[in-house]
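Notes for the one structure printed next.
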Amino acid sequence: MQRVNLSAVSVFVFVGLSDAPEIRLFLFVLFLLIYLATMASNIILLIAISTDSHLHSPMYFFLSSLSLLDLLCPTITVPKMLGALLLEHKEISFSGCLFQHFSLIAVVGTEIFLLAVMAYDRYVAVCHPLRYPSIMSTKLCAQLALGTWATGLLNSLLHTSLVFTLSFCGPNKIQQYYCDIPPVLALSCSSTHSRELVILVVAGVLGSSACVVTVVSYAYILLEILARKSPGISHKAFSTCGSHLAVVCLFYGTTICTYVRPSSTYSPHWDRVVSMLYGMLTPLLNPIIYSLRNKEVKCALKRVIRQVRRAL
């Protein structure tokens, strides 16, 4: 009986950002440029980190993982959105929607834990500089990176199974440009209260755990700076931690507005704006933030750009 309910809706339809043809063309060009800029900036940053021996350290290893996630996040959703804007192909199959949902939640969850790991890395670098190489060993960095991916995938598997085992037998228009949790839950003809509660609890526990690690790490960093009372140490700490703090605030601000709330407060128009900030602008701004505030990254990027110019 459940299988019949699940197959009642075999195709979902995205509600576009605008139905006006002239605005659709403008939005297509705008989002395409943002997407290409996001791809280019993160790929260049990955190349800079991998080719510059000065950046072969735990901090930049985790930064390269963040850039990889920033490549995946818009790639999961933006191409389909661009197709809907240009070709008006707004349909997605049930299995396609499931895969898109799983991939996006996996990337979001992995990034949450990766940011916590990066905060711990900064704590060790500032508070235990002499022991930093031994603590943040290659083995530990690999384990932490694999752990973030494993946790993100398991979290996504739980969320996806909770959402897509519901019955969908009524409307199939998703009030969004990708398969996200709130608009998909809104289409179910089953009761979603218990599953919403589980989703909120799991997301709250995992998200708050990662947030606590980040906050505690920076609390110890601040105490260390105040205890030493050295302008040089303060400047170095802020220069290495400022970029990460800016990325954390940007990520948590948009993620909390998008996911941490019940579906009763779901607003299609507002959610599209917030989703655009998270899904497109955040992956574009992350490499820019790190490039502007980090001299080593800027030098590496300049070398990569010079090499590209010579090759051209």
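The values are calculated or read from the model by the stated rules, or taken from the named source; none is laboratory data. This one's a predicted model, so the numbers in the text were calculated from it and none came from an experiment. Every residue, glycine as well, gets a Cβ built from its backbone with ideal geometry; the counts of neighbours run over all protein chains shown. Ligands, DNA and RNA are excluded from the accessible area calculation, which covers all protein heavy atoms including side chains. Shrake-Rupley method; radii C 1.70, N 1.55, O 1.52, S 1.80 Å.
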**Enumeration of residues in region 25-60 that are modelled with pLDDT under 85 and surrounded by 17 or more Cβ atoms within 10 Å (Cβ to Cβ)** = Leu27, Asp52, Leu55
**region 120-141 residues that are among the small types (Gly, Ala, Ser), paired with ones that are open to solvent by less than 60 Å² (accessible area, probe 1.4 Å) (beta carbon under 8 Å, 6 or more apart)** = Ala125/Met59; Ala125/Tyr132; Ala125/Met136; Ala125/Thr240
**Fill in**
Only one of Leu144, Leu115 is under 20 Å from the mean Cα position of the chain (by Cα) and open to solvent by 20 Å² or more (accessible area, probe 1.4 Å), namely Leu144
**Fill in**
Scanning region 164-198 for residues that are assigned to a helix (DSSP H, G or I) and closer than 14 Å to Ala106 by Cα gives Ile181
**Prompt:** If you take the residues of region 212-230 that are open to solvent by less than 50 Å² (accessible area, probe 1.4 Å) and in contact (Cβ under 8 Å) with a residue 40 or more places away in the chain, which of them is farthest from Gly242 (Cα to Cα)?
**Reply:** Glu224
**Asked** So how many residues does region 288-312 have that are at pLDDT 80 or above and assigned to a loop (DSSP other than H, G, I, E, B)?
**Response** 0
**Message:** Against the condition modelled with pLDDT of 75 or more, of a type in the set (A, V, I, L, M) and within 30 Å of Gln176 (Cβ to Cβ), how does Ala246 come out, does it pass?
**Reply:** yes
**Asked** Restricting attention to region 74-93, and to residues there that are out of contact with any Gly (no Cβ under 6 Å at 6 or more places or on another chain) and among the hydrophobic types (A, V, I, L, M, F, W, C), which single residue is farthest from Ile44 (Cα to Cα)?
**Response** Ile92
**Restricting region 114-159 to residues that are of a type in the set (Phe, Trp, Tyr) and touching a Phe, Trp or Tyr at 6+ places or on another chain (Cβ under 9 Å), the residue that is farthest from Ile221 (Cα to Cα)** = Trp149
**Prompt:** What is the one condition in (1) under 14 Å from the mean Cα position of the chain (by Cα); (2) open to solvent by less than 20 Å² (accessible area, probe 1.4 Å) that Leu72 does not satisfy?
**Reply:** (2)
**Request:** For Pro74, state whether it is touching an Asp or Glu at 6+ places or on another chain (Cβ under 6 Å) and modelled with pLDDT of 90 or more.
**Result:** no
**Item:** Qualifying position, being within 23 Å of Leu187 (Cα to Cα) and among the β-branched types (Val, Ile, Thr), among Thr77, Thr38
**Value:** Thr77
**Message:** Just to be sure before I move on: is Leu166 within 26 Å of Val78 (Cβ to Cβ) and surrounded by fewer than 21 Cβ atoms within 10 Å (Cβ to Cβ) in the structure I sent?
**Reply:** no
**Asked** So which residues in region 127-181 are among the small types (Gly, Ala, Ser) and in contact with a helix residue (DSSP H, G or I) (Cβ under 6 Å, 6 or more places away or on another chain)?
**Response** Ala145, Gly152, Ser156, Ser167
**Prompt:** Residues Ala106, Ala84: which one is among the aliphatic types (A, V, I, L, M), out of contact with any Ser or Thr (no Cβ under 9 Å at 6 or more places or on another chain) and surrounded by 21 or more Cβ atoms within 10 Å (Cβ to Cβ)?
**Reply:** Ala84
**Asked** All but one of (1) assigned to a helix (DSSP H, G or I); (2) modelled with pLDDT under 90 hold for Ser65; which doesn't?
**Response** (2)
**Asked** Ala84 versus (1) more than 16 Å from the chain's Cα centre (by Cα); (2) at pLDDT 90 or above: which is the lone unmet condition?
**Response** (2)
**Prompt:** Given the residues Val202, Val184, which is the only one that is at pLDDT 85 or above, of a type in the set (Val, Ile, Thr) and surrounded by 18 or more Cβ atoms within 10 Å (Cβ to Cβ)?
**Reply:** Val184
